[in-house]
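This report concerns only the one structure given below.
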Amino acid sequence: MQPSRISLNEKQNALIERLVRSGRFTGPNDVVTRGLELLAEHEAQADAFIFGLEREIDAGLASGPPEAMESAEAMLATFRRQR
């Protein structure tokens, strides 16, 4: 695989330089690698969240026909009366 080349703006370059100067990273490649690892983690969490939502939607749809429920305004009014 051929090495990738990316273009960064001044703000991104400054961040990379600051992180390398801090001693937390050995060089720009180390910064980019960690950034991509964090992005992969974030994407995995987002995928898991969406999967969970889809599973709950399917369970709700499979639970039977919808039933009318109290409006949000009515629930708030009940809550306020009980305080």
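A compact table of results
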| item | result |
| --- | --- |
| Residue within the range 6-21 that is among the hydrophobic types (A, V, I, L, M, F, W, C), touching a Ser or Thr at 6+ places or on another chain (Cβ under 9 Å) and surrounded by 11 or more Cβ atoms within 10 Å (Cβ to Cβ) present | yes |
| Tally of residues being basic (K, R) and either surrounded by 10 or more Cβ atoms within 10 Å (Cβ to Cβ) or under 30 Å from S4 (Cα atoms) (or both) across the range 36-83 | 1 |
| Pairs where the first residue, in the range 68-83, is of a type outside the set (F, W, Y) and the second is open to solvent by less than 60 Å² (accessible area, probe 1.4 Å) and part of a helix (DSSP H, G or I), C-beta under 8 Å, 6+ apart | E70/T78 |
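The values are calculated or read from the model by the stated rules, or taken from the named source; none is laboratory data. These figures come from a predicted structure and were not determined experimentally. Counting neighbours? That spans all protein chains shown, and the Cβs are built from the backbone with ideal geometry, glycine included. Note: areas computed on protein heavy atoms with side chains; ligands, DNA, RNA excluded. Shrake-Rupley method; radii C 1.70, N 1.55, O 1.52, S 1.80 Å.
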